[in-house]
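To keep things clear, I will list the structure first and then write my remarks on it.
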Amino acid sequence: MTSNEEHCTLHGEFVDLRPLRPEDAALTLAWRQGERAALLHRGATTVDEQRRWIASRPASEYNFVIQTKQQVPIGMLSLSGIDPVNRVGEPGRFLIGDEQAAAGLPAAAEAMKLLYELAFDRLRLRRVWGTVVSENRRMIKWQTYLGMVQEGRLRQHLFIDGRLQDAVVFGLLENEYREVTRPRLESLIAAARLPLAPSVSPE
């Protein structure tokens, strides 16, 4: 890892967010083509296309690989669409690609906490927002739990998984992040610190 990349890496207790690199193309493409990504926006279809896409990301975006403290990559996440005048941005491209390696870790919670700290504490954004495919009920439930507010619905806005689907618009203001989202994320992370109860063997 270069000194510049280390500077851009966000460190957590269980996972880190390090910059996405062109050499991550094969791995991230495999994640994007997996079952868990079926309801995400379609992107590259070959490793070369994915590598070019990664290399073409503008400096204004923050694109990360989620990795364990042992530097095992397990997912991806980004903050894009950053508008420094209106102080808004768009978290997205969120995917835990290796569930097995992430097992037992509060990877999703800590990754989101690190990204929100970047958005609200370092970049001083006042609002983040994004869209979720209407059939992605798991993500809608997750975003709702984290305190994001459903602000609207774009009808037949996306063509995903072979059909037109609505896009559900979510938004989160800075005060909502501090009052609701951050405490809930911290609670999930704290729960992961608790020792597992010893298993009891049947008589």
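Each reported figure results from applying straightforward, stated rules to the coordinates on display, with no laboratory input. Being a predicted model, the structure only gives us computed values, none of them experimental. Cβ: placed from backbone, ideal geometry, glycine included. Neighbour counts: every protein chain shown.
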Point to revise | Interchain or long-range residues, amide H under 5 Å from I82's placed H | key: E90
Check your understanding: Can you work out ³J(HN,Hα) from phi for every residue in the range 121-137, in order, using Karplus 6.51 cos²θ - 1.76 cosθ + 1.60 and θ = phi - 60°, giving whole Hz and x for Gly and Pro?
Key -> 8, 8, 8, 6, 5, 9, 7, 10, 8, x, 10, 10, 4, 4, 8, 7, 5
Point to revise | Evaluated over the range 3-191, the Cα radius of gyration and Dmax, each in Å | key: 15.9, 45
Exercise for review: Would you mind checking the radius of gyration and Dmax of the range 99-203 based on alpha-carbon positions, in Å?
Suggested key: 17.2, 58
Review point. Which distance in Å, rounded to a whole number, links the C-alpha centroids of the range 143-187 and the range 36-112?
Key: 17
Review point. What translational D, rounded to a whole number of µm²/s, comes out for the range 17-124 from Stokes-Einstein when the hydrodynamic radius is the Kirkwood one over Cα pairs, at 20 °C and 1.002 mPa s?
Key: 149
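Neighbour counts of other C-beta atoms within 10 Å: give me T131, T45, T28, T68 arranged from fewest to most.
Details: T131 19, T45 11, T28 26, T68 16.
With the sparsest Cβ surroundings first, the list reads T45, T68, T131, T28.
Quickly estimate the mean residue ellipticity at 222 nm for the chain, helices only: each DSSP H run with n ≥ 4 gives -39500 (n - 2.57), and the total goes over all residues, rounded to 500.
Details: 7 runs with 58 residues, N = 203.
Calculated mean residue ellipticity at 222 nm is -8000 deg cm²/dmol.
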Review point. For D24, what is the net charge nearby, where nearby means another residue's Cβ is under 10 Å from its Cβ and Lys, Arg count +1, Asp, Glu -1?
Key: +2
Exercise for review: In whole Hz, with x marking every Gly and Pro, tabulate ³J(HN,Hα) for the range 177-192 from phi via Karplus 6.51 cos²θ - 1.76 cosθ + 1.60, θ = phi - 60°.
Suggested key: 4, 6, 8, 10, 5, 4, x, 5, 5, 5, 5, 5, 5, 4, 4, 6
